[in-house]
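The values are calculated or read from the model by the stated rules, or taken from the named source; none is laboratory data. What you are looking at is a predicted structure, and each value in this text was computed from that prediction instead of being measured. Heads up, the Cβs are rebuilt from the backbone with ideal geometry, glycines too, and the neighbour counts pull from every protein chain shown.
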């Protein structure tokens, strides 16, 4: 499937993956992560229950202290 | 666009500054110098000597509330910019009312928890507003790492990697760069893309 991940086209072999699986494939292991799927925030406890499909827009941000 | 026209279009614009530390104080000053009509600034904190390595305050202002001192400093720079100052701790309940009249909101918090909070509040309760965040500014050097990333109305400025730690502290140059990048994005939103510039 083809999705938009952080504004870039990204192709995965599987047709459906959970947010959790994508994070593992992409090695997103930062301490403070924010996930938005099609403009909706996904909470950490829902990463493994939320599936990402063809054409979805996924944003994975990591927040850092400082300002 | 001539500077007179720029000032004219910024005159009736309002920008919210959430936090008056390194990012907030420097971003607010850049916007006031450019001629923004009104700034709504908010912070609960007091100026400490350790803040002066990067925040837009003076030695004789140590002990003053940041939101009060920043209003004073902006009025000394450009008295035509109206500053509405709130000495409060911003939270999910007060952010929508404090910043309701803003065209754009600048996130200038230090903790990741409050950064996450404002991101969600703006997205859920004021989805029509732009939010400009600063993420990744600790240390020195590495100018090439700075970018802005646009996710619809959420825009993130910074290097995206350098977190503030005891052994990687925030210093004036990189904090100032990110604060000014945020101000620069605000201008791009309020004035539109600059067609006369090579980019």
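Condition check ((1) in contact with a helix residue (DSSP H, G or I) (Cβ under 9 Å, 6 or more places away or on another chain); (2) assigned to a loop (DSSP other than H, G, I, E, B); (3) loosely packed, with under 15 Cβ neighbours inside 10 Å) across all residues:
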{"residue": "B:83", "(1), (2), (3)": "yes, no, no"}
{"residue": "B:109", "(1), (2), (3)": "yes, yes, no"}
{"residue": "B:114", "(1), (2), (3)": "no, no, no"}
{"residue": "B:137", "(1), (2), (3)": "yes, yes, no"}
{"residue": "B:149", "(1), (2), (3)": "no, no, no"}
{"residue": "B:163", "(1), (2), (3)": "yes, yes, no"}
{"residue": "B:175", "(1), (2), (3)": "yes, no, no"}
{"residue": "B:180", "(1), (2), (3)": "yes, no, no"}
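Taking segment A:11-38 as the search range and keeping residues that are more than 11 Å from the chain's Cα centre (by Cα) and not in a loop (DSSP other than H, G, I, E, B), which one is nearest to residue B:108 (Cα to Cα)? Step by step, filter segment A:11-38, then rank; the result is A:11. Given the structure, is residue A:41 within 13 Å of another protein chain (Cβ to nearest Cβ), touching a strand residue (DSSP E or B) at 6+ places or on another chain (Cβ under 9 Å) and assigned to a loop (DSSP other than H, G, I, E, B)? Spelling it out, it is not the case that residue A:41 is within 13 Å of another protein chain (Cβ to nearest Cβ), touching a strand residue (DSSP E or B) at 6+ places or on another chain (Cβ under 9 Å) and assigned to a loop (DSSP other than H, G, I, E, B). Restricting attention to segment B:1-13, the residues that are without any contact (Cβ under 8 Å) to a residue 24 or more places away in the chain and either farther than 13 Å from residue B:191 by Cβ or not in a loop (DSSP other than H, G, I, E, B) (or both) add up to 4. Residue count for segment B:32-67, restricted to those that are surrounded by 15 or more Cβ atoms within 10 Å (Cβ to Cβ) and closer than 23 Å to residue B:79 by Cβ: 20.
Whenever a residue of segment B:141-152 is within 14 Å of chain A (Cβ to nearest Cβ) and under 18 Å from residue B:189 (Cβ atoms), it has no partner that is part of a loop (DSSP other than H, G, I, E, B) and at pLDDT 95 or above lying with C-beta atoms less than 6 angstrom away and at least six residues away or across chains.
In segment B:121-135, the qualifying residues are those that are loosely packed, with under 14 Cβ neighbours inside 10 Å and within 11 Å of chain A (Cβ to nearest Cβ), and the one that is nearest to residue B:9 (Cα to Cα) is B:127. Candidates in segment A:8-51 are the residues that are at positive phi and surrounded by 12 or more Cβ atoms within 10 Å (Cβ to Cβ); of these, the one that is modelled with the highest pLDDT is A:38. Note on segment B:14-54: residues that are within 25 Å of residue B:189 (Cα to Cα) and part of a loop (DSSP other than H, G, I, E, B) total 7. Can you tell me which residue is nearest to the other protein chains (Cβ to nearest Cβ) among those in segment A:44-60 that are assigned to a strand (DSSP E or B) and under 9 Å from the mean Cα position of the chain (by Cα)? Restricting to residues being assigned to a strand (DSSP E or B) and under 9 Å from the mean Cα position of the chain (by Cα), the top hit is A:59.
Only one of these is more than 14 Å from chain A (Cβ to nearest Cβ) and at pLDDT 95 or above: B:61, B:55. Name it. None of the other options fit; the residue is B:61.
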